[in-house]
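Laboratory data are not the source of any read-out in this text; all were calculated from the coordinates shown. Since the model is a prediction, treat every value here as computed from it, not as a measurement. All Cβ positions, glycine included, derive from the backbone under ideal geometry; neighbour counts span all protein chains shown.
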Ligand SMILES: [Fe+2]
């Protein structure tokens, strides 16, 4: 089955060949009727997210079989509670432990949930998770915690277990293998389903913003290697967390996404050669293009990203 274009995504009704009324769930959003489940390959579904998957929400994916596997839990509590109640979920796998991928877990209580082994302890304590992501700014850390808990509804949780590179999960129809793809975070994983050649790329997300690596633990070179790793799987479908799935031009889209890193390199190099200090560069905001929302967080993350570019360019590091 073909995949609708981005333009068609919110108005095209694409029913799975084997749909049942209970399977086709709908929700009302802004007076438009959108499908909650959209089949992107046989028995593989995108679960529509609040805010159309844009941050602070993210798409989830459901692999149906004898055992139904949910990938990620940031599509919104109402949406995922409907899937839990009307379709059933046997296992939740979290791609990485960012708030927008775990914020709906509260609606899925009682379902086994696996997280990446690396940094798995941090999800048991919001303070530990915050310290992991914001290490050098107490005000930004306070804002981060409020945003995660009060706005997104993120809660600390006790995962049922962990997974790691090469682990395989089976639904009875599909098998997905975990691919370690660090860079965005150290614990970022993608999953590859070989029968349909579907690559779940999560926050290698192909947004126009480009790769995001704003934590101390983030790493630009690792991000580049991860982009190339998923490209080397030669996916037929690329399903990311924040833009609709792609079936055409995947390789060129990944290349263009990687090139945004080099464009940032060039821009920051130019600013450095013009004599700007790192603090002055931050005011220019070469990556975000301004900090209109939650400025304490955006400024902190952009500062970290600029520092990473300066380091890899061998230029002056901030004091
Ligand atoms: Fe993320």
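Take every DSSP beta bridge whose two residues both sit in the range 122-262; close to 75 percent of them are antiparallel.
This ranking places 132, 124 by how few other beta-carbon atoms lie within 10 Å of each, fewest first, which gives 124, 132.
Sorted ascending by nearby beta carbons within 10 Å, beginning with the fewest, 212, 144 become 212, 144. The distance from the alpha carbon centre of the range 54-70 to that of the range 74-140 is 13 Å, rounded to a whole number. Full extension of the chain between residue 156 and residue 42 gives 37.6 nm of extra length, using 0.36 nm per residue less the Cα-Cα distance. Taking the C-alpha atoms only, the angle from helix 295-313 to the longest principal axis of the chain is near 70 degrees. For the chain, modelled as a GNM whose springs connect Cα atoms under 10 angstrom apart, the maximal fluctuation among 242, 96, 293 occurs at 293. The GNM of the chain, with springs linking C-alpha atoms under 10 angstrom apart, assigns the highest mean-square fluctuation among 98, 188, 146 to 146. Here is how the number arises for the chain: DSSP H runs of 4 or more residues each give -39500 (n - 2.57), the sum is divided by the residue count, and the result at 222 nm is -9000 deg cm²/dmol.
For the chain, the antiparallel share of DSSP beta bridges with both residues in that region comes to about 70%.
Annotation: the residues 120, 113, 190, sorted from fewest to most other C-beta atoms within 10 Å of their own C-beta, follow the order 120, 113, 190.
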